[in-house]
1. Between Lys55 and Lys26, what is the label-point separation in nm under the 7 Å Cα-to-beta-carbon projection?
2. Normalised radius of gyration for the chain, please: alpha carbon Rg relative to 2.2 N^0.38 Å, two decimal places.
3. Is the range 15-57 rounded, prolate or oblate when judged by the Cα gyration tensor, a ≥ b ≥ c being the square roots of its eigenvalues, rounded requiring a/c under 1.5 and prolate requiring a/b larger than b/c?
4. With the other protein chains left in place, how much accessible area per residue, in square angstrom, belongs to the chain at a 1.4 angstrom probe?
5. Accessible area of the chain with a 1.4 Å probe: how many percent of it is carbon plus sulfur?
6. Mind telling me which of Ala80, Ala107, Ala54 comes out most flexible in a GNM of the chain, alpha-carbon contacts under 10 Å?
7. Note down the net charge around Leu113, summing +1 for each Lys or Arg and -1 for each Asp or Glu among other residues with Cβ under 15 Å from its Cβ.
8. Take the Cβ-Cβ distance between Asp34 and Thr141 as r, set R0 to 41 Å, and report the resulting FRET efficiency rounded to the nearest 0.05.
Amino acid sequence: REALKALWHASFPGTELLGLVSDQWKEMGWQGKDPSTDFRGGGFISLENLLYFAKNYPKSFEELLCKQNGDRALWEYPFAVAGVNITFMLIQMLDLQAAKPRSLIGAVFLNLLIENDRAFDILYCITFKLMDRKWLEMHATYMDFNTVIKSTRRQLERELLLEDIQQIEDMPSYSFLAR
């Protein structure tokens, strides 16, 4: 409950939240009045990721929330639900359900996490910004979301496997983030 309230206040400062169940949540891209029903794929960590993004990269967060950049489609991706899907995709890509990584990507990421315990949160922010850039490049609409996510994942995998990536901030897509 407190994390949802904090996300609302970080997203819409100065706008009072009328309740944890409210039509206002749809403005952020939740599917219904109760955002807690949209966490199935990403779990509570997806809410934590959104909150981290809002607090640590507020400029990038607002650009994506308000769809400020580029030539936008009539049917855009719903911001908050996209965020939940990004968390889910990253958990799968990095094989985070396993006790130890079973993939090269997972092993590489584990080393980045050792260097910076916020690496997953930062990777989430990078991924969201990268996904939006791909969305615009592909002139995507709502129905293209899965195609855009797959393209985003392929680019992340390529970047994580670059030889000179010693920390999460070395990823080329990190430069897309603005505080």
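1. 3.0 nm
2. Against the empirical 2.2 N^0.38 Å value, I get 1.01 for the chain.
3. oblate
4. Result: 52 Å² per residue.
5. 51 percent
6. Fluctuation is largest for Ala107.
7. Summing Lys/Arg as +1 and Asp/Glu as -1 gives -4.
8. 0.95
The values are calculated or read from the model by the stated rules, or taken from the named source; none is laboratory data. Worth saying up front: this structure is predicted, and the values here are computed from it rather than measured. Here Cβ is always computed from backbone atoms with ideal geometry, including for glycine, and neighbour counts include all displayed protein chains. Surface accessibility is based on the protein's heavy atoms, side chains included, excluding ligands, DNA and RNA. Shrake-Rupley method; radii C 1.70, N 1.55, O 1.52, S 1.80 Å.
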